[in-house]
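Trainee: Input: one structure, supplied below.
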Amino acid sequence: MNIARAIISITTFFAAAIFANANAAVIDGNLMLTRCQTHDPLCVGYVAGFVNGYDTGRIGGSANQKQIYCWPEQATYSQGVDIFLGYLKSHPASRHMDASILLTVALREAYPPPCDK
């Protein structure tokens, strides 16, 4: 599992570097819609990095910290991409917003708290 996380971290790093070189463009829903429609590695890396970052933050956080969403242990990053893509397609008026906000809302709708863990 550590190898998988390392690969995801590296993919996320390269995705961030490529996005940063796009004239410092904002990573918004419109950009992610384009990337996620083909399961572009940049989209998969973004979703995987987001989920892993959230999990890592929760581990180091307060015991009283409220869950934003409950990522199931059996869920795949491909499912995360599908959820994100479905949300982006269903909410075109919000696609100008920051992708991290949109992904948070999409995951919360798909996997709402309280968590069973």
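Trainee: Calculate, in nm to one decimal, what R108 and D82 gain on full extension: separation in residues at 0.36 nm each, minus their alpha carbon distance.
Mentor: Details: separation 26, 0.36 × 26 = 9.36 nm, distance 1.39 nm.
Result for the pair: 8.0 nm of gain on full extension.
Trainee: To continue, here is another question. Can you compute the FRET efficiency between V26 and K66 using 1/(1 + (r/R0)^6), with r the Cβ-Cβ distance and R0 = 35 Å? Round to the nearest 0.05.
Mentor: E between V26 and K66, to the nearest 0.05, is 0.80.
Trainee: Under 5 Å between amide H atoms, partner at least 5 residues away or on a different chain: which partners does M97 have, H built in plane at 1.01 Å?
Mentor: G29
Trainee: Full-extension gain between E73 and D98, please, as 0.36 nm times their residue separation minus the C-alpha to C-alpha distance.
Mentor: Length gained, E73 through D98: 6.4 nm.
Trainee: A further question follows. Sorting check: for 75-83, 43-51, which peptide has the highest mean count of neighbouring beta carbons within 10 Å, and how do the rest follow?
Mentor: 43-51, 75-83
Read-outs: derived from the displayed coordinates by stated rules, not from any lab. All of these numbers come straight from a predicted model, not from anything done at the bench. Note that we place each Cβ from the backbone using ideal geometry, even for glycine, and neighbour counts take in every protein chain shown.
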